[in-house]
Ligand code: GLY
């Protein structure tokens, strides 16, 4: 065992791993799961079950996270991946923390104006679709790095379940069938060799079996060679050939040079709760702490969940924080991000000094710029607690649904379209309507700014909650609201995750509300305060775990998706 467990737990682990007869049966439940020992909550029931079985075999939360990441790459290709990137937040049972950055990087051949035409105008879709959209993938390096430091079970054991699913096939859920059907044209258009394994002229149906043979072969290479099974040899060669056929720029050197990076966890306090979250190149942790600091002086709990007053307060904090995000946040290896100042209580109090409880501030009065919000937002989050009390929160992404839509021919996996998370032209909104400037401009080897916010909350030195979500720019506000739902409004985990959400991101100057999130009177009150309101079908898909007062683990698997908990 590496350094994740104290000695007493190591002895227990040896005992457990000798007990080959131990039943691997785990509970798998869409909603309402409460268990005594260990739990996984993810976007797909098969991935959650695989993770819980790893935990049952004595694996720790990092082992399970690795198995879940690879399983999601098979069963949930809309966002699960080996061709994307992400972040991992770890809290060991005795309180030590770590954060791993396996975010994609801009290829060495990239340049800040690569998505602009000769008139310096953005070329539509170039950063979003096809072979110029991907950054150098980080997920496999991330899993190998996490394993190196914390893994306990044999690496092969963590790959086997995903390989099995890819090789033997698995049943599609209705949502997945619909997602594949909705992308048939894009798969045909953006691939140099049509990925026949996802094509279906009659349309995929719920319950259909789908197999990913080439992906199974790639996972076997990763199983045999670790990181080198992806960044070198056949897989790397296939990626580079794919790039050449489609005029992409990821090279063998880009792949060989990719490294995942341990970062210092970002910590903050909110009313006696300790928040452990992801530092830059995610903007998520900084923005989450800014939001909490901005509202801390106001009694949001007393204002009530879903009232005009509490929504107004959150919105006013959000427009100020997202304005800061656009200017100050970028890859810390390339840009000096003023993290300490941004999360400082006095700084955020100053930002809120012109907050008025009865009227909205115009975003235009906070800063300049125009933006429009795109609809679809795909990323995925999973939360894991093992029976030793270790906790791991992972958010991982291809960026948009099915990323760039490009499968690496012969290797069977999708490449991300993460390059769009850079500011491709100052002041021009990305896919999520977010705008940025110099801090997040493209540069070779730089990581694009993210909003992913895997977060762990402690109370009195003990684990309280793990939380995270997909949703692009809405990730930060969804995590923010889920935390408040528990801390301020006394909801249980499932209620907190399923509660309706609202979102504001400074630009556009629009308060987005989920369908039926607010009643008509609240809507009228918010409008009379000066808020521009727009309905947004759904916001986020939070997968969370709460450590209850009785020390049992309670799942929050978002009802907005197929998200499911598994545990024992
Ligand atoms: N691609 C979404 C994010 O990283 O924020």
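FYI, it's all coordinate maths here, none of it is from the lab. Just so it is clear, the structure is predicted and the values come from calculations on it, not from any experiment. Here the Cβ positions follow ideal geometry from the backbone for every residue, glycine too, while neighbour counts run over all protein chains shown.
Structure notes:
- A convex hull fitted to the Cα coordinates of the chain yields 134 cubic angstrom per residue.
- Global geometry of the stretch 65-109, whether rounded, prolate or oblate, following the gyration tensor of its Cα atoms and the 1.5 cut on a/c: oblate
- Size-normalised alpha-carbon gyration radius of the stretch 14-168, reference 2.2 N^0.38 Å: 1.27
- Subtracting the Cα-Cα distance of residue 492 and residue 521 from their residue separation scaled by 0.36 nm leaves 7.8 nm.
- Computed over the stretch 463-522, the range of Cα coordinates on each principal axis works out to 37, 27, 16 Å, biggest value leading.
- The Cα-based radius of gyration and maximum Cα-Cα distance (Dmax) for the stretch 31-70 are 9.4, 26 Å.
- Taken over the stretch 183-334, the percentage of Cα pairs per 5 Å bin, counting from 0 up to the bin with the maximum distance, is 2, 7, 10, 10, 11, 10, 10, 11, 12, 10, 6, 1.
- Share of Cα-Cα pairs in the stretch 394-503 lying beyond 23 Å, as whole percent: 43 percent
- Across the stretch 70-151 the C-alpha pair distances fall into 5 Å bins from zero in the proportions 3, 12, 17, 18, 16, 12, 9, 6, 4, 2, 1, 0 percent.
- Note on the stretch 278-374: Cα-Cα pairs beyond 24 Å make up 24% of the total pair count.
- Stokes-Einstein diffusion for the stretch 435-481 at 10 °C, viscosity 1.306 mPa s, with a Kirkwood radius from C-alpha pairs, works out to 124 µm²/s.
- Reciprocal of mean inverse Cα separation for the stretch 216-263 (Kirkwood radius, Å): 11.3 Å
- Average silhouette area of the stretch 487-568, convex hull of alpha-carbon atoms, in square nanometres: 6.8 nm²
- Residues 313, 252 arranged by fewest to most Cβ contacts within 10 Å: 252, 313
- For the stretch 250-289, the ratio of Cα radius of gyration to the globular rule of thumb 2.2 N^0.38 Å stands at 1.69.
- Evaluated on the stretch 171-212, the Kirkwood hydrodynamic radius is 10.5 Å, with distances taken between all distinct Cα atoms.
- Contour minus Cα-Cα distance for residue 362 and residue 548 (0.36 nm per residue): 62.9 nm
- Two-site FRET efficiency, residue 167 against residue 345, from Cβ-Cβ distance with R₀ of 51 Å, rounded to 0.05: 0.45
- Residue 202-residue 247 FRET efficiency (beta carbon distance; Förster radius 30 Å; 0.05 resolution): 0.35
- Per the Cα gyration tensor, the stretch 35-97 maps to an equivalent ellipsoid with semi-axes of 21, 15, 9 Å, ordered largest to smallest.
- Rounded, prolate or oblate (a/c below 1.5 giving rounded, otherwise prolate when a/b exceeds b/c) for the stretch 337-460 by Cα gyration tensor: oblate
- Ordered by the number of other Cβ atoms lying within 10 Å of each residue's own Cβ, fewest first, 469, 522 fall into the sequence 522, 469.
- Residues 380, 361, 235 arranged by fewest to most Cβ contacts within 10 Å: 361, 235, 380
- Take the Cα of residue 264, step 7 Å toward its Cβ, do the same at residue 157, and the gap between the two points is 3.6 nm.
- Gyration tensor verdict on the stretch 126-169 (Cα atoms; rounded if a/c is under 1.5, prolate if a/b is larger than b/c, oblate otherwise): oblate
- In angstrom, the C-alpha Rg and Dmax of the stretch 119-242 are 17.2, 55.
- Here the sum of -39500 (n - 2.57) over DSSP H runs of 4 or more residues, divided by the residues of the chain, equals -10000 deg cm²/dmol at 222 nm, to the nearest 500.
- Mean separation of Cα contacts under 8 Å, 6 or more apart, over the residue count of the chain: relative contact order %: 25 percent
- If you bin all the Cα-Cα distances of the stretch 290-345 at 10 Å, starting from zero, the percentages per bin are 22, 43, 23, 11, 1.
- For the stretch 443-545, the average shadow cast by the Cα convex hull is 8.8 nm², which is a quarter of the hull's surface.
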